[in-house]
Amino acid sequence: MKAKVYITLKNGILDPQGKAIQNSLNTLGHNEIQEVRVGKIIEITMDTLSKGEGEIKLKAMCEKLLANTVIEDYRFEIENGAKSEK
């Protein structure tokens, strides 16, 4: 089973990396840019018995290690199209 985990900063959390990219894009003449937010994508391949088991394991991985749930949100997609969000 393959999954993609998307991790982004929660709304209201400052994103200095995104701001630096936005400023650089504006400097290059892309003045239409209103905001840039930076996140992470983590691709995971795992052996599980079922999609449900995979979702449970992915949620645990995100909560315990992959995302800092104080300042980040996460969602994941399992290759067959199932989606889950927090």
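Okay, residues lined up against (1) surrounded by 10 or more Cβ atoms within 10 Å (Cβ to Cβ); (2) not charged (D, E, K, R):
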| position | (1), (2) |
| --- | --- |
| K10 | yes, no |
| K19 | yes, no |
| G29 | no, yes |
| E43 | no, no |
| G54 | yes, yes |
| C62 | yes, yes |
| E72 | yes, no |
| E77 | yes, no |
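Would you pick out the residues in region 1-56 that are of a type in the set (K, R) and part of a helix (DSSP H, G or I)? Give the derivation first.
Residues of region 1-56 that are of a type in the set (K, R), as a first pass: 2, 4, 10, 19, 37, 40, 51.
Of everything in region 1-56, those that are of a type in the set (K, R) and part of a helix (DSSP H, G or I) turn out to be K19, K51.
Looking at L14, L25, L66, which one is within 17 Å of the chain's Cα centre (by Cα), surrounded by 12 or more Cβ atoms within 10 Å (Cβ to Cβ) and not hydroxyl-bearing (S, T, Y)?
One residue alone meets the criteria, L66.
The conditions are (1) at pLDDT 95 or above; (2) in a loop (DSSP other than H, G, I, E, B); (3) hydrophobic (A, V, I, L, M, F, W, C), and M61 fails exactly one of them. Which is it?
Of the numbered conditions (1) at pLDDT 95 or above; (2) in a loop (DSSP other than H, G, I, E, B); (3) hydrophobic (A, V, I, L, M, F, W, C), the odd one out for M61 is (2).
Out of everything in region 19-73 that is touching a residue at least 40 places away in the same chain (Cβ under 8 Å), touching a Lys or Arg at 6+ places or on another chain (Cβ under 9 Å) and among the charged types (D, E, K, R), what residue ends up being farthest from K2 (Cα to Cα)?
The extreme case among them is E72.
The values are calculated or read from the model by the stated rules, or taken from the named source; none is laboratory data. Please read all numbers here as calculations on a predicted model, not as lab measurements. FYI the Cβ positions are ideal-geometry reconstructions off the backbone, even for glycines, and counts take in every protein chain you see.
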